[in-house]
Amino acid sequence: MAILFDEKKKIFYLHTKKTSYIMGFLEEHLVHIHWGKRLNEISSIEQAVPFRRRNFSHYTAENDQICLDNIPQEYPTYGNTDLRSPAFHAQYADGTTITAFRYVSHSIINGKPELDGLPHTFRRDDKVETLDLVLFDEKTKLEVHLLYSVFEDKDAITRSVKVVNTGDVKADIKRIMSANVDLFGKEFDVISLCGATQRERYINRSPLTFGEYRVDSKRGASSHMRNPFIAVASKYATEDVGEVYSMNLLYSGNFTADVYVDQYGMTRMGIGINDFDFNWKLDAGETFQSPEAVLVYSDEGIGAMSRIYHDLYRENLCRSKYAMKVRPILINNWEATYFDFNEEKILEIATKAKKAGVELMVLDDGWFGKRNNDECAMGDWWVNTEKLPNGIDGLAEKVEALGMKFGLWFEPEAISPDSDLYRQHPDWHIQVPGRTTHLGRSEYLLDLANDEVCDYLIDVIGNIIRSAKISYVKWDMNRNMTDIGSPALPADRQRETAHRYMLGLYKIMDALTSEFEDILFESCSGGGGRFDAGMLYYMPQTWASDNSDGINRLLIQYGTSLAYPAVTMGSHVSAVPNHQIHRTTSFKTRYTTASMGQFGFELDITKMEDEEFEKMAECIKHYKKVRETVQFGDMYRLLSPFEGNYAAWQFLSKDGTQVYICCSNVLAVPNGPYNFVKCRNLEPDAIYYDEDNDIRMSGAELMSIGLPHLEIRDFDSKTYFFKKQ
Ligand code: DGJ
């Protein structure tokens, strides 16, 4: 049993293989007791939560001892003796904002209920149990369900919160965190993934100190700048050792991840929808479901934490048929042609790419309406027959006849002011009437808080997909949300727009990915502007960044791998000088970087010299050899590009027989120091052989001495592929 309730001591135990999450009742208060290493039983709550009277605290009576400010709480609300940031805050019809939840009941469910309308993890063949802990506020009649699902073998716990208004007057939810954990101590570093467009998800680690640390997005998307991931780690935690407590939100919109150190040096961490500019009107009888958060604790360092996320996301989050299937190598025409292409050019690319061993031809932006540049036609989803006289179906057939699959780009959420769709529906985009709506890439965002717009998109995109032999869809989104307002919502629901947009988007994605279950979907948002676990539920891979430079990508992919597996990261070799940052690197180095993800190309193969074409074909052959290990093996980060001149990682197949290692350096160092890349988790006595480099070594030698990594040139790299003998 993963979930146990000790009736006598009033304690809940949520056990995974290696961890425990424990909470219980101090009188009527639900307190957090432990999240960490497996702990089968505690002696008493009083022992684990040493509460006592403290100066300047508040109590219900003179002889009372419990001040909520002084103890770790499970789901703190506003308006009582806890004066820290609450997990839940609402305003009621009488204008007051106090909530006091008390225990009503609980049930333990075998399995995991779905989250209606929101992405969620699910059970495959593993053991999962769910605790539904019901609390109630007597005065306001709000019922809250704290939902915990325990993935016992995966060492992960998911949490979400459902609120039901059982009263007869409305309540306004102002803040609803999906998870809150109060930890004793503050000697932690906080780790987040921050960046910008074209340098997404860089690792950001700093010491935690008194006050509040917040990583959030107010952009209507999880964003390039921040990611819905947060961790606090012991100061000595490295890839291999130390304690890490982490949270990742399955959500693609405005989120907040907050860490707060209080006066007694206790750390409160939480994650949820961003409370900034958020207000949800919960009418009598209505229910609000928060997004789901995944909680991972590891006492074996940051690397073990990542491998837990990787396994969970591949197996229990990505619901696509492709989740556990080897993915095809693709070529995308974007950087080859931009908007300047026709059927002949695409077929020329496909024909040559097929010869090199590419499996999927993807047609990017510019195939519809009058879209010859990025200033118009978003929303005009009819084929441009000047470029494609035989339509998408005709082109797809010809690509299929070459023995390749065909994929197509969409940006369903956008509308250009210069489009037929806009001329027909000027009220279909996010806007505040009477105010300027600002353009981003010459487009607005469609109002997905409006059901009519969602239904239209399901219909129009569905019809195109149905009309041709399409095996892959790239789903792009190229601006953030500004001037937020929905013409479809009443005044008192305007602050619901950003979340309703996400619900609308998820509804569309649900409909299309369910109907077209044989299609491989890849999400994208101007590169990696929406690389999050919410998207991965519907679409099992994401274009990691528009920056395809082989050196910048080391940082982007290394950072992304903290929470997301390699198989989810679209990762391509592009031309040099690189189109984004104009750097020239060797084909080999671009390949080494790209081969750690979901591999493909983004270049004009028709202009390639024979020598480069040969290299490309070689890389494809090589990737086909290693891809199963990369896509479904365990990843070990060996050298961090955030800490020096080198990057290295290892993928170990689940059966332990194949080891793929990528090593790269940034700059050459004249007569540089000796530097070895040491492998992880191999069998010490086994012999491993790398045919490409003709190296035979024992597991012990690979782990203890490692592979020499000498930087001879700027931007150099080397790969090894060992097989256990
Ligand atoms: C942004 C994407 O990230 C690119 O890969 C490409 O699809 C363009 N949009 C097309 O407009």
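The values are calculated or read from the model by the stated rules, or taken from the named source; none is laboratory data. These numbers were taken from a predicted model, which means no experiment stands behind them. Neighbour counts run over all protein chains shown; Cβ positions are idealised from the backbone, glycine included. Each accessible area value is taken on the protein alone, full model and side chains, heavy atoms only, with ligands, DNA and RNA left out. Shrake-Rupley method; radii C 1.70, N 1.55, O 1.52, S 1.80 Å.
Descriptive notes on the structure:
- Normalised by 2.2 N^0.38 Å, where N is the number of residues, the C-alpha radius of gyration of the range 540-678 stands at 1.03.
- When all protein chains stay in place and ligands, DNA and RNA are ignored, the 1.4 Å accessible-area order of 52, 680, 479, largest first, is 52, 680, 479.
- Coarse-grained scattering of the range 28-139 at q = 0.18 Å⁻¹, given as base-10 log I(q)/I(0) from a Debye sum over alpha-carbon atoms: -1.16
- Cα gyration tensor shape for the range 303-462, rounded if a/c is under 1.5, else prolate or oblate: oblate
- Length gained when the stretch residue 123-residue 668 is fully extended (0.36 nm per residue, less Cα-Cα span): 191.4 nm
- Relative contact order of the range 321-420, defined on C-alpha pairs under 8 angstrom at six or more residues apart (%): 31 percent
- Remark: relative contact order (the range 1-84) = 20 percent; criterion is Cα-Cα distance under 8 angstrom and separation of 6 or more residues.
- Globularity index of the range 186-242 is 1.22 (Cα radius of gyration / 2.2 N^0.38 Å, N = number of residues).
- Per residue, the chain reaches -6000 deg cm²/dmol at 222 nm when only DSSP H runs of four or more residues are counted, each adding -39500 (n - 2.57).
- 10 °C / 1.306 mPa s Stokes-Einstein diffusion coefficient of the chain, Kirkwood radius on C-alpha pairs, µm²/s: 59 µm²/s
- To the nearest 10, the accessible area of residue 646 is 40 Å² with a 1.4 Å probe.
- Ranked from largest to smallest solvent-accessible area, with a 1.4 Å probe on the protein heavy atoms, 715, 722 come out as 715, 722.
- Accessible area of residue 96 (1.4 Å probe, protein heavy atoms only, ligands and nucleic acids ignored): about 60 Å².
- Note on residue 436: accessible area approximately 100 square angstrom, rounded to 10, probe 1.4 Å, nucleic acids and ligands left out.
- The Cα trace of the range 604-664 gives Rg and Dmax of 14.8, 41 Å, the first to one decimal, the second as a whole number.
- Of the GluC sites (Glu not before Pro) found in the range 158-212, those in coil by DSSP whose Cβ has at most 16 other Cβ atoms within 10 Å are 187.
- The listed residues 106, 622, 438 rank as 438, 106, 622 when sorted by accessible area, largest first, using a 1.4 Å probe.
- Computed P(r) (all Cα pairs; the range 153-204; 5 Å bins; percent): 4, 10, 11, 12, 19, 16, 12, 8, 6, 2
- Distance (nanometres) between label positions extended 7 Å along Cα→Cβ at residue 62 and residue 712: 8.6 nm
- Model label sites at residue 514 and residue 355, defined 7 Å from Cα along the beta-carbon direction, differ in position by 4.6 nm.
- log10 of Debye I(q)/I(0), alpha-carbon scatterers only, for the range 86-200 at 0.11 Å⁻¹: -0.52
- Helix screen, the chain: no DSSP H segment has Cα axial length of 30 Å or more and mean Kyte-Doolittle hydropathy at least -1.0.
- Taken about its Cα centre, the chain carries a charge dipole of roughly 1160 debye when the Cβ of each Lys and Arg holds +1 and the Cβ of each Asp and Glu holds -1.
- Cross-link pairs exceeding 30 Å in C-alpha to C-alpha distance, out of 355/718; 112/625; 37/507; 218/405; 345/474; 405/678, comprise 112/625; 37/507; 218/405; 405/678.
- Pairs of Cα atoms nearer than 8 Å and 6+ residues apart set the relative contact order; for the chain it is 10 percent.
- Within the chain, antiparallel bridges make up roughly 85 percent of the DSSP beta bridges whose residues both belong there.
- Computing FRET efficiency as 1/(1 + (r/R0)^6) for residue 432 and residue 452, where r is the C-beta to C-beta distance and R0 is 22 Å, gives about 0.70.
- Net charge, residue 689 excluded, C-beta distance under 15 Å - Lys, Arg +1, Asp, Glu -1: -3
- Reference-scaled alpha-carbon Rg (2.2 N^0.38 Å with N residues) for the range 243-329: 1.43
- Expressed in Å, the radius of gyration and Dmax of the Cα atoms of the range 186-314 are 15.5, 51.
- Size descriptors for the range 212-269: radius of gyration and Dmax over Cα atoms are 13.1, 36 Å.
- Neighbours of residue 680 by Cβ distance under 14 Å: Lys/Arg scored +1, Asp/Glu scored -1, total -3.
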